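The values are calculated or read from the model by the stated rules, or taken from the named source; none is laboratory data. Since the model is a prediction, treat every value here as computed from it, not as a measurement. All Cβ positions, even for glycine, are placed from backbone atoms using ideal geometry, and neighbour counts span all protein chains on display. Heavy atoms of the whole protein, side chains included, go into the accessibility calculation; ligands, DNA and RNA do not. Shrake-Rupley method; radii C 1.70, N 1.55, O 1.52, S 1.80 Å.
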Amino acid sequence: MKKINGLIFIFIIFLNASIVLAEDISGIDISHLWISEAPPTVSVLVAYVTLKNNTTKTASLVSVSSPLFSSIEIHRSIVKDEVASMERHLSLTIPAKSTIKLLPGDYHLMLFNPKTPLEIGDKPTLTFTFSNGVKILVKAQVKKRKYRKH
Ligand SMILES: [Cu+2]
């Protein structure tokens, strides 16, 4: 009987662990991930995404990666003294129960040195990694941008 109790105990611990993991993974919704179509000769592409944090804790996006690109950086477009430029951010904070939209003219992802040119209709996968170790794989859509503003 002792042995059975021990087994049940281990099983309950295992169940709890998987429930916590499932909450961590489903706590952040990543949607509307799209890469702006560009000529095949460009060495850098731009992508936009919506990040929704359903949890009661602050989430922090610390990296985005894909074997298709040499690197992916989080940027923000800024205008300083009437000169438009971009600044790099090492992480992106999504407050508890909040949504952050990366949009042209604001935060965006820069995708460097595509290994193969991307065409409209392609669906490359990007991996989003958060400071708590959670990794979420998301398929991007390659689309034409509707307006020119970067
Ligand atoms: Cu940029």
Original post:
Of all trypsin sites (Lys or Arg not before Pro) in segment 43-150, which ones are in loop regions per DSSP and have a Cβ with at most 15 other Cβ atoms within 10 Å?
Top reply: Lys57, Lys97, Lys115, Lys144, Arg145, Lys146, Arg148, Lys149
Subject >> Qualifying GluC sites (Glu not before Pro) in segment 41-136, DSSP loop, other Cβ atoms within 10 Å at most 13 >> reply: Glu82, Glu119
**OP:** Show the residues, 5+ positions off or on another chain, whose built amide H is closer than 5 Å to the amide H of Glu37.
**Re:** Lys143, Lys144, Arg145
**OP:** Please list the non-local residues whose amide H lies under 5 Å from the amide H of Asp122, H modeled 1.01 Å from N, same-chain partners needing a gap of 5 or more.
**Re:** Val142
Subject >> Linear extension gain, Gln141 paired with Ser60, 0.36 nm per residue minus alpha-carbon span >> reply: 26.8 nm
**OP:** Loop only per DSSP, at most 16 neighbouring Cβ atoms within 10 Å: give me the chymotrypsin sites (Phe, Trp or Tyr not before Pro) in segment 47-148, ordered by residue number.
**Re:** Tyr147
Original post:
Quick one: Karplus J couplings for segment 44-61, per residue in order, coefficients 6.51, -1.76, 1.60, θ = phi - 60°, nearest Hz, x for Gly and Pro?
Top reply: 9, 10, 10, 10, 10, 7, 10, 10, 10, 9, 8, 8, 9, 10, 5, 10, 10, 7
**OP:** Mind giving me the FRET efficiency for Asn113 and Lys52? R0 is 41 Å, r the Cβ-Cβ distance, nearest 0.05 is fine.
**Re:** 0.85
Subject >> segment 28-143, accessible area per residue, ligands and nucleic acids excluded (1.4 Å, Å²) >> reply: 54 Å²
**OP:** Taking H placed 1.01 Å from N in the peptide plane, check which residues at least 5 places from Val44 or on another chain put their amide H under 5 Å from its amide H.
**Re:** Asn113
Original post:
Given R₀ = 30 Å, FRET efficiency for Glu82-Asn132 by Cβ-Cβ distance, to 0.05?
Top reply: 0.15
Original post:
When the chain is fully extended, how far beyond the present Cα-Cα distance does Lys101 get from Ser31, taking 0.36 nm per residue of separation?
Top reply: 24.3 nm
**OP:** Give the accessible area for Ile28 in Å² (nearest 10); use a 1.4 Å probe, count only protein heavy atoms, and leave out ligands, DNA and RNA.
**Re:** 20 Å²
